[in-house]
Amino acid sequence: MLDFFTIFSKGGLVLWCFQGVSDSCTGPVNALIRSVLLQERGGNNSFTHEALTLKYKLDNQFELVFVVGFQKILTLTYVDKLIDDVHRLFRDKYRTEIQQQSALSLLNGTFDFQNDFLRLLREAEESSKVRAPTTMKKFEDSEKAKKPVRSMIETRGEKPKEKAKNKKNKGAKKEGFDVPLTASKTAPADKSVGADNGVELSKEELIRRKREEFIQKHGKAADKSSKSTKSDAPKEKGKKAPRVWALGGCANKEDLDYSAPTTNGAPEVAPPEDINLIRGTGPGGQLQDLDCSSSDDEGAAPNPTKPSAAKGTLGGMFGMLKGLVGSKSLSREDMESVLDKMRDHLIAKNVAADIAVQLCESVANKLEGKVMGTFSTVTSTVKQALQESLVQILQPQRRVDMLRDIMDAQRHQRPYVVTFCGVNGVGKSTNLAKISFWLLENGFSVLIAACDTFRAGAVEQLRTHTRRLSALHPPESHGGRTMVQLFEKGYGKDAAGIAMEAIAFARNQGFDVVLVDTAGRMQDNAPLMTALAKLITVNTPDLVLFVGEALVGNEAVDQLVKFNRALADHSMAQTPRLIDGIVLTKFDTIDDKVGAAISMTYITSKPIVFVGTGQTYCNLRSLNAKAVVAALMKA
């Protein structure tokens, strides 16, 4: 039983609606528009909203959307056929009214489609019920029944012809041959090979004679090769002297010993560190947009390539006119070759394979049936649609503005809490220090909570960052106020308890922001994922940031999906808290392979808040969607 079936234009005008139950279809349809149609996620024609499953079909020629909704516990096999039939009949019946392309004509038009829809629904239900009973195939109809019994009998020690030939070819390549060759299976082959002066040889005599012939033929070559290996053996025993490069420096132990000299058992005071080396050279208080232009592009810009005169004028003209569409509607066959190339290009740019397939499918659904202009090629049309979809994906529904949210928390006299999570080795502590420096440059005080109580050296790493940040922002420059401080309780403690104590300490001491560093964990580690869900549920942070590498491809999808699933499964709250944003690290190591950004935002619908582009505190950027898409589409 269907809950509803509605037809509306892409401008938002409902043309016709069938209501099977008393509940309104407004909520599910609006959720479909917000989450799928506006976010360019039309690769799959199915969408789940609470207890309903929605299936939809786009008509790009007349700018219509057909949506059907039913309970997701039901398995209705006739829904796809029903949508196609309704789409075809409605378009043919009201073609004149729809082609006027004016909102007033659609509002004034009368679409009396109730009887036609009920007839199509009844036919679809009956067609799904009437099915030919599946008959079991008899043994006489199988391939095995056609083979004679003699061909299925195998004598012990014998092998089929193909295996015998392959083994013979492999044995001929070896230097020494000790394994006897198997004879052919059929009797005529034995007679033709083993006949000697008309006398038939037995199988054992034939194998012995073949072995002798092979040894006589290849024996001398084997002796020569063995002699050559013996003569070369003493040379290999000699140890090769290491090469000394002109600019390679020296490798003496004394020069490589960087341990600090001690005076009376106490280490000497380390020299003051270069502030510019720690801080970086860029402005810290303002996040710059991400620049994805590579060094190859910069070097190639001053030298534009000149058009070659070798190409003929007519050849270039015919080549240009060859791909023109010519005012016709696009079909799947027209776009198939172009979409295949686009999919391979996206995968080569580090986009996850499943995401690349869904993106191309979404573009195909968006363009199928759309009428193109006379001077438009299929390639340019598909590429432009894909670029628009990628830009829309990188600009998701919610935008995270930390500075605005921190000022709002200040008005309520409470600290703003941010929790960092992610897998091992992605740079959570390093990028936490970068974000701390950015907040300090904007005048906010920061308390760093060391909740990574598992990894050796995690607390010492944060202590080093705190010391360096304090050197950049000493209390003397802020009226004696401590701008950055580390809250730690050592190793082996409960991370959720440490975070709770740190938040209470920040509230009492007047800190503006609390940055909670957690232990790195793989998405399959159930105990650690349970501990992370407990930390988030107990402390209810304002922002949960997932830290991921820009180097990963398909792994990004697996990490984010399993992190969100684990947070939902292990949470004790009725509405579990999931990931709110993404920090993309090591972006300076990937050149133009920026596909991980697309994969992460597509799978979570969450924004990329920060991008790490280096090792100093100023190497923090905000995501520029158009620059990332331009780098992604670059050949």
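Table for the structure above
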{"read-out": "Selection from segment 434-448 of residues that are polar (S, T, N, Q), part of a loop (DSSP other than H, G, I, E, B) and either under 19 Å from ALA502 (Cβ atoms) or open to solvent by less than 10 Å² (accessible area, probe 1.4 Å) (or both)", "value": "SER445"}
{"read-out": "Strands (runs of 3 or more DSSP E) fully within segment 17-87 counting 3 or more residues that are out of contact with any strand residue (DSSP E or B) (no Cβ under 9 Å at 6 or more places or on another chain)", "value": "none"}
{"read-out": "Count of residues meeting criterion [in contact (Cβ under 8 Å) with a residue 12 or more places away in the chain, more than 19 Å from TRP438 (Cβ to Cβ), out of contact with any helix residue (DSSP H, G or I) (no Cβ under 6 Å at 6 or more places or on another chain) and not charged (D, E, K, R)] in segment 471-499", "value": "4"}
{"read-out": "Test: residue in segment 26-43 that is on the phi > 0 side of the Ramachandran plot, open to solvent by 30 Å² or more (accessible area, probe 1.4 Å) and either touching a helix residue (DSSP H, G or I) at 6+ places or on another chain (Cβ under 8 Å) or modelled with pLDDT under 85 (or both)", "value": "yes"}
{"read-out": "The listed residue being over 20 Å from ALA433 (Cα atoms) and assigned to a helix (DSSP H, G or I), out of ASP588, ASP524, ASP558", "value": "ASP558"}
{"read-out": "Boolean, ASP517 is open to solvent by 50 Å² or more (accessible area, probe 1.4 Å), closer than 19 Å to GLY427 by Cβ, of a type outside the set (Lys, Arg) and touching a residue at least 12 places away in the same chain (Cβ under 8 Å)", "value": "no"}
{"read-out": "Condition check for THR530: of a type in the set (S, T, N, Q) and crowded, with 20+ Cβ neighbours inside 10 Å", "value": "no"}
{"read-out": "Of residues in segment 565-585 being in contact with a strand residue (DSSP E or B) (Cβ under 9 Å, 6 or more places away or on another chain) and open to solvent by 10 Å² or more (accessible area, probe 1.4 Å), the one nearest to ILE435 (Cα to Cα)", "value": "ASP580"}
{"read-out": "Checking ILE536 against (1) under 26 Å from the mean Cα position of the chain (by Cα); (2) part of a loop (DSSP other than H, G, I, E, B); (3) at pLDDT 90 or above, the condition it does not meet", "value": "(2)"}
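One line per residue, one yes/no per condition, for (1) open to solvent by less than 30 Å² (accessible area, probe 1.4 Å); (2) assigned to a helix (DSSP H, G or I); (3) over 24 Å from THR613 (Cβ atoms):
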position: SER429; (1), (2), (3): yes, yes, no
position: LEU432; (1), (2), (3): yes, yes, no
position: ALA450; (1), (2), (3): yes, no, yes
position: THR466; (1), (2), (3): yes, yes, no
position: GLN485; (1), (2), (3): no, no, yes
position: LYS493; (1), (2), (3): no, no, yes
position: ALA496; (1), (2), (3): yes, yes, yes
position: ALA499; (1), (2), (3): yes, yes, yes
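The values are calculated or read from the model by the stated rules, or taken from the named source; none is laboratory data. Quick caveat, the model's predicted, so the values are computed rather than measured. For neighbour counting, all protein chains shown are included, and Cβ atoms are generated from backbone atoms with ideal geometry for every residue, glycine included. Side chains are part of the model used for accessible areas, which takes the heavy atoms of the whole protein and leaves out ligands, DNA and RNA. Shrake-Rupley method; radii C 1.70, N 1.55, O 1.52, S 1.80 Å.
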